[in-house]
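K.L.:
The following block contains the structure, expressed as structure tokens.
The values are calculated or read from the model by the stated rules, or taken from the named source; none is laboratory data. Here the structure is a predicted model, which is why all the values come from computation and not from measurement. Positions of Cβ are generated from backbone atoms using ideal geometry, with glycine treated the same way; all protein chains shown enter the neighbour counts. Quick note on the areas: whole protein, heavy atoms, side chains included, nothing else; ligands and nucleic acids left out. Shrake-Rupley method; radii C 1.70, N 1.55, O 1.52, S 1.80 Å.
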Amino acid sequence: GTLTNLLSNALYIFDEHDLLGELDQYDLDVVLEEVLRYRAPLQSRARVTTQPLTLGGVDIPEGETVILWIGSANRDPDQFANPNSFIPDRDPDHLSFGRGPHTCIGAPLARLEAPIALQTFFDTFDRIDIGSAHQPTPNPSELGFEQLPVEAD
């Protein structure tokens, strides 16, 4: 699920950026918002237009299915400085939980659960090693892992 992908994406990024031993230097809530921006668990959503509109010079009629690329919007250089860099203390205004009437109903719960789960994990284990044999999810609209081997003791 989405929370599982958020947690596994966080571990993957923390390992990839050598942050596992340095996370106490940052506000975990802020770091997780950057994780959500940098590796949004849901990369795209389909929507149907309710009225005609013009977007980027393209006319889109009412009733047309459009694909919203959340992952791309979260890397928009007009919205984020150095959008392809993971910056742990950036507090981004990302679109990973949607907006307006399409805001994820579970967003407040995910924001509550994720830091507790990760902090408990880090408090429980002295050493964490992310394996290299990870397998990404095969669904292009999701960004996460089918398998993310983690060795901890």
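Every residue, every condition in (1) within 23 Å of Arg45 (Cα to Cα); (2) exposed (fewer than 13 other Cβ atoms within 10 Å of the Cβ); (3) among the hydrophobic types (A, V, I, L, M, F, W, C), yes or no:
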{"position": "Glu113", "(1), (2), (3)": "no, no, no"}
{"position": "Thr124", "(1), (2), (3)": "no, yes, no"}
{"position": "Pro138", "(1), (2), (3)": "yes, yes, no"}
{"position": "Glu142", "(1), (2), (3)": "yes, no, no"}
{"position": "Phe145", "(1), (2), (3)": "yes, no, yes"}
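K.L.:
Based on this model, can you work out whether Asp24 counts as open to solvent by 80 Å² or more (accessible area, probe 1.4 Å), farther than 22 Å from Thr103 by Cα, assigned to a strand (DSSP E or B) and out of contact with any Ser or Thr (no Cβ under 9 Å at 6 or more places or on another chain)?
P.N.:
Numbers: open to solvent by 80 Å² or more (accessible area, probe 1.4 Å): yes; farther than 22 Å from Thr103 by Cα: yes; assigned to a strand (DSSP E or B): no; out of contact with any Ser or Thr (no Cβ under 9 Å at 6 or more places or on another chain): yes.
Criteria not met by Asp24.
K.L.:
Can you confirm whether Ser96 is within 23 Å of Pro138 (Cα to Cα), open to solvent by less than 50 Å² (accessible area, probe 1.4 Å), touching a Phe, Trp or Tyr at 6+ places or on another chain (Cβ under 8 Å) and among the small types (Gly, Ala, Ser)?
P.N.:
No, not satisfied.
K.L.:
For region 27-53, give me each residue that is surrounded by 14 or more Cβ atoms within 10 Å (Cβ to Cβ), among the hydrophobic types (A, V, I, L, M, F, W, C) and outside any helix (DSSP H, G or I).
P.N.:
Ala40, Leu42
K.L.:
From the residues in region 1-21 that are open to solvent by 50 Å² or more (accessible area, probe 1.4 Å) and in a loop (DSSP other than H, G, I, E, B), which one is modelled with the lowest pLDDT?
P.N.:
Per the criteria, the residue is Gly1.
K.L.:
Among Asp59, Asp126, which is among the acidic types (Asp, Glu) and in a loop (DSSP other than H, G, I, E, B)?
P.N.:
Of the residues listed, the single one that is among the acidic types (Asp, Glu) and in a loop (DSSP other than H, G, I, E, B) is Asp126.
K.L.:
Which residue pairs have Cβ atoms closer than 7 Å, lie 6 or more positions apart in sequence or on different chains, and pair a first residue in region 95-116 that is free of Cβ contacts under 8 Å to residues at least 60 places away in the same chain with a second residue that is among the β-branched types (Val, Ile, Thr) and open to solvent by less than 80 Å² (accessible area, probe 1.4 Å)?
P.N.:
Sorted first by the residue in region 95-116, then by its partner, the pairs are Leu95/Ile70.
K.L.:
Only one residue in Arg111, Arg90, Arg127 is in contact with a helix residue (DSSP H, G or I) (Cβ under 8 Å, 6 or more places away or on another chain) and closer than 17 Å to Asp24 by Cα, so which one is that?
P.N.:
Every option except Arg90 fails the conditions.
K.L.:
Separate question: Within region 126-136, track down each residue that is exposed (fewer than 11 other Cβ atoms within 10 Å of the Cβ) and either over 14 Å from Asn5 (Cα atoms) or in contact (Cβ under 8 Å) with a residue 60 or more places away in the chain (or both).
P.N.:
Once the filter is applied, which keeps residues that are exposed (fewer than 11 other Cβ atoms within 10 Å of the Cβ) and either over 14 Å from Asn5 (Cα atoms) or in contact (Cβ under 8 Å) with a residue 60 or more places away in the chain (or both), region 126-136 yields Asp126, Arg127, Ser132, Ala133.
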